[in-house]
Amino acid sequence: MLKPDEESTFMKRKTLVNLTALFTVFLLFLSYADILLAGEISLRYSLKGNVLKIVFESDDENLLKKATISSSYSLIKIGFPEDFSFTAPNKIGAFEYNKKENNIFLNIKGLMNVKVLRLESPSRLVLDVYLEGKSKPEIKPETPATAPIIPGPPEEPFVGELKSIVIDPGHGGSDVGLYSPLYNEKSIALKVAKRLRNASKREKRKAYLTRYQDSDTSLKKRILTIRKKRPDLVISIHLSTSDHFVIYTVPEKTYQGELPYLLSASQLPYVARSRAISSAIASTLTKDLNIEVSHRDLPLPVLSYSNCRAFMIELPGPDFFEYTEKSIQKIVRAILEGIKAYEKG
């Protein structure tokens with residue numbers, strides 16, 4: 001038989017234990033509710049040639065709409081606005097993935113470039129990842145063993161000034177390119193292209209764009225515009241996730257038989273001149289903006305089909321460079337100064 005004071009102490013302890021147990025159950029319920037309410041994201045992928053397509057799907061449109069994408073070397077980071085449950089194939093040979101808090105990290109060997117699309121019905125975030133070319137067995141045409149390997153048409157000497165330019169703002173419409181809640185590649189590329197066109201026209205050059213507004217513009221349409229305008233120079237403008245400029249030109253190749261005369265080999269006679277003018281522009285960009293410029297060879301179709309000097313420039317990512325009206329004009333002036341330096345030889 002407990003004394004009154006002992007019974008009171010016992011009841012208090014019992015009440016405290018019950019409250020503690022109830023509170024623990026409540027916390028477990030909240031955790032379980034968070035799991036139930038968390039959005040779900042699934043991953044699927046396909047690999048075709050040198051293009052790896054990675055698709056994220058979710059019933060929660062907000063998760064994919066507000067996701068940010070950044071890349072560095074072989075790593076792509078996708079940041080989501082809140083935590084989520086994640087499902088993916090158990091074995092993926094093409095790349096490695098890892099979920100950490102609100103982020104998914106993709107480790108992709110041979111990563112060259114990434115194009116981002118956001119689609120609806122159902123909500124999808126699509127990454128088209130361009131990989132370094134894989135070595136393939138050489139397929140020789142049925143010609144005599146003694147058939148000579150010949151280079152493309154001989155390069156013509158440079159004469160006169162560059163009187164006409166076609167500027168190709170990358171992406172457009174549903175193809176947003178690099179994207180975050182603060183910026184998207186298609187808009188910055190178009191803004192820079194328009195400023196470059198206007199400045200070129202003030203210098204009495206003919207200047208055209210492959211797209212004048214935020215619209216879907218196919219690669220075929222871009223190439224047809226270039227072929228129709230017959231310019232002296234093509235500049236394709238894109239955005240990177242790096243802190244510097246990257247300029248691409250078509251690599252030099254040798255062809256057999258009639259291959260040099262295909263449309264896809266149109267750039268062959270102009271490779272050296274394309275490299276020369278891109279080097280001149282790289283010098284003025286480095287001098288005027290104090291930003292590093294790197295050069296790479298890549299057989300991009302918009303360049304390969306251009307029958308004139310042609311290069312693609314990737315501008316620094318907005319995480320490293322602020323795109324104000326003043327800074328854009330500075331880029332434009334540096335490009336035009338580079339063109340003038342090239343014209344002077």
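Restricting to region 54-79, give me the number of residues that are in contact with a Lys or Arg (Cβ under 9 Å, 6 or more places away or on another chain) and either basic (Lys, Arg) or in contact (Cβ under 8 Å) with a residue 40 or more places away in the chain (or both).
12
I'd like to check something: does region 289-312 contain any residue that is free of Cβ contacts under 8 Å to residues at least 40 places away in the same chain and either in the same structural domain as Arg205 (by TED's automatic domain parsing) or surrounded by fewer than 21 Cβ atoms within 10 Å (Cβ to Cβ) (or both)? Full working, then the answer.
Restricting attention to region 289-312, the residues satisfying the condition of being free of Cβ contacts under 8 Å to residues at least 40 places away in the same chain are 290.
Still in the running and either in the same structural domain as Arg205 (by TED's automatic domain parsing) or surrounded by fewer than 21 Cβ atoms within 10 Å (Cβ to Cβ) (or both): 290.
Scanning region 289-312 turns up at least one residue that is free of Cβ contacts under 8 Å to residues at least 40 places away in the same chain and either in the same structural domain as Arg205 (by TED's automatic domain parsing) or surrounded by fewer than 21 Cβ atoms within 10 Å (Cβ to Cβ) (or both).
Output the strands (runs of 3 or more DSSP E) that fall wholly within region 89-133 and possess 2 or more residues being basic (Lys, Arg), or say none.
Working: elements: 96-100, 103-107, 111-119, 124-131.
Result: 96-100, 111-119.
Can you report the number of residues in region 174-196 which are of a type in the set (Val, Ile, Thr) and at pLDDT 85 or above?
Taking region 174-196 as the starting set, the residues that turn out to be of a type in the set (Val, Ile, Thr) are 176, 188, 192.
Adding the requirement that they be at pLDDT 85 or above leaves 188, 192.
Adding up the residues that qualify gives 2.
I need the strands (runs of 3 or more DSSP E) fully contained in region 181-280, keeping only those with at least 3 residues that are on the phi < 0 side of the Ramachandran plot and out of contact with any Phe, Trp or Tyr (no Cβ under 7 Å at 6 or more places or on another chain). Give the steps one after another, and end with the answer.
Details: elements: 206-209, 233-239, 245-249.
Filter on region 181-280 gives 206-209, 233-239.
Residues checked against (1) crowded, with 18+ Cβ neighbours inside 10 Å; (2) at pLDDT 95 or above; (3) β-branched (Val, Ile, Thr); (4) in contact with a Ser or Thr (Cβ under 7 Å, 6 or more places away or on another chain):
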site	(1), (2), (3), (4)
Tyr97	yes, no, no, no
Ile104	yes, no, yes, no
Leu111	yes, no, no, yes
Ile165	yes, yes, yes, yes
Gly172	yes, no, no, yes
Arg202	no, yes, no, no
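If I filter region 271-285 for residues that are within 24 Å of the chain's Cα centre (by Cα), in the same structural domain as Ala189 (by TED's automatic domain parsing) and closer than 18 Å to Lys186 by Cβ, do I get at least one hit?
no
The values are calculated or read from the model by the stated rules, or taken from the named source; none is laboratory data. Quantities reported herein were computed from a predicted structural model and do not represent experimental measurements. Methodologically, a virtual Cβ is constructed for each residue, glycine included, from the backbone with ideal geometry; neighbour enumeration extends over all protein chains shown.
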